[in-house]
Amino acid sequence: MATPAAPITLKLEPRADHGPGVRALRRSGRLPAVVYGHKVDAVSVEVDGRDFIKAFQKVGRNQLLDLQLGAEPPRKALVREVQRNPRDGNLLHVDFYQVNLAEKIESEVPIEFEGEIEIVAKGEADLLRGLHQLRVEALPTDLPPAITVDISELKAVDDEIRVKDLKLPAGVEALDDPEDLIAKVHEHKEVVEEAPPAPAAVEVPTVGETEGAAPAEAPAEGSQPES
């Protein structure tokens, strides 16, 4: 039996400044954040930006973190929302959701494929992908890091896997529609690129050509022709 991985701990500090000081906080490499939850008073905090990125890369949005706020006992929490600057992608704010280990919660778990579909590998068919994430309900400690789907069982065109076909870990319940598509083998169609139509020929008169030219204007009444 594998030894459970040690929990990821993230150290937080209380934050009181909600005004212009937030920009200075970000410039110093720290992030404003909030911790909230069911029957939990929201607490404004700050966290080291580099420490958060390292932790987030390991736990994502559906694995528990231990939030260490001062001398308090660690708070079990999930990363609920990460706000980024739409212009440069820099982190702006983080929301942590403190959980009760005895209460089920809803979360989105990524769907990962494993295996190979023979006719797709041979180029005789295409793989059509449906959902990329599965919405589930489970105790916080039962949330899987991902739902792994073996697609090698798909053998022929129109073979498919839907939510109702998934084999979920114990204690995990899917909340998406049972008929939602996960993967399907689709008939392969060759894409034929049509050559663009040739541009229409444009007749360009040569220098001195007079045929078809507009008639010269008659001199205005009373004017003298040029000599």
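Numbers below:
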read-out: Asn85 paired with Ala170, simple spin-label distance in nm, labels 7 Å along Cα-to-beta-carbon; value: 4.9
read-out: Inter-label distance for Ser152 and Ala121, nm, one decimal - labels placed 7 Å from Cα along Cα-to-Cβ; value: 0.8
read-out: Note, ³J(HN,Hα) from phi for the stretch 44-58, Karplus 6.51, -1.76, 1.60, rounded to Hz, x at Gly and Pro; value: 7, 9, 9, 9, 5, x, 5, 5, 5, 4, 4, 5, 5, 5, 8
read-out: Pairs of alpha carbons in the stretch 84-150 whose separation is greater than 13 Å (percent); value: 76
read-out: log10 of Debye I(q)/I(0), alpha-carbon scatterers only, for the stretch 1-158 at 0.18, 0.19, 0.20 Å⁻¹; value: -1.10, -1.18, -1.27
read-out: For the stretch 8-100, average projected area of the Cα convex hull in nm²; value: 6.1
read-out: Relative exposure of Phe113, Phe52, judged by other C-beta atoms within 10 Å (fewest first); value: Phe113, Phe52
read-out: Taking the stretch 8-100 and dividing mean pair separation by its residue count, relative contact order in percent (alpha carbons under 8 Å, at least six apart); value: 32
read-out: Average projection area in nm² (convex hull over Cα atoms of the stretch 7-51, one quarter of hull surface); value: 3.8
read-out: Percentage relative contact order, the stretch 110-168, counting C-alpha pairs under 8 Å, at least six apart; value: 51
read-out: Nonlocal Lys pairs with alpha-carbon distance under 16 Å, the stretch 8-100 (8 or more apart, or different chains); value: 5
read-out: Coordinate range along principal axes, alpha carbons of the stretch 106-187, Å, largest first; value: 42, 21, 16
read-out: Amide proton proximity set for Thr148, modelled H, under 5 Å, gap of 5+; value: Glu112
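Taken together, the values in this text are just the output of simple stated rules run on the coordinates, not laboratory data. The structure presented is a predicted model; accordingly, all values stated were derived computationally and were not measured. Because the Cβ atoms are built from the backbone with ideal geometry, glycine has one as well, and the counts that use them run over all protein chains shown.
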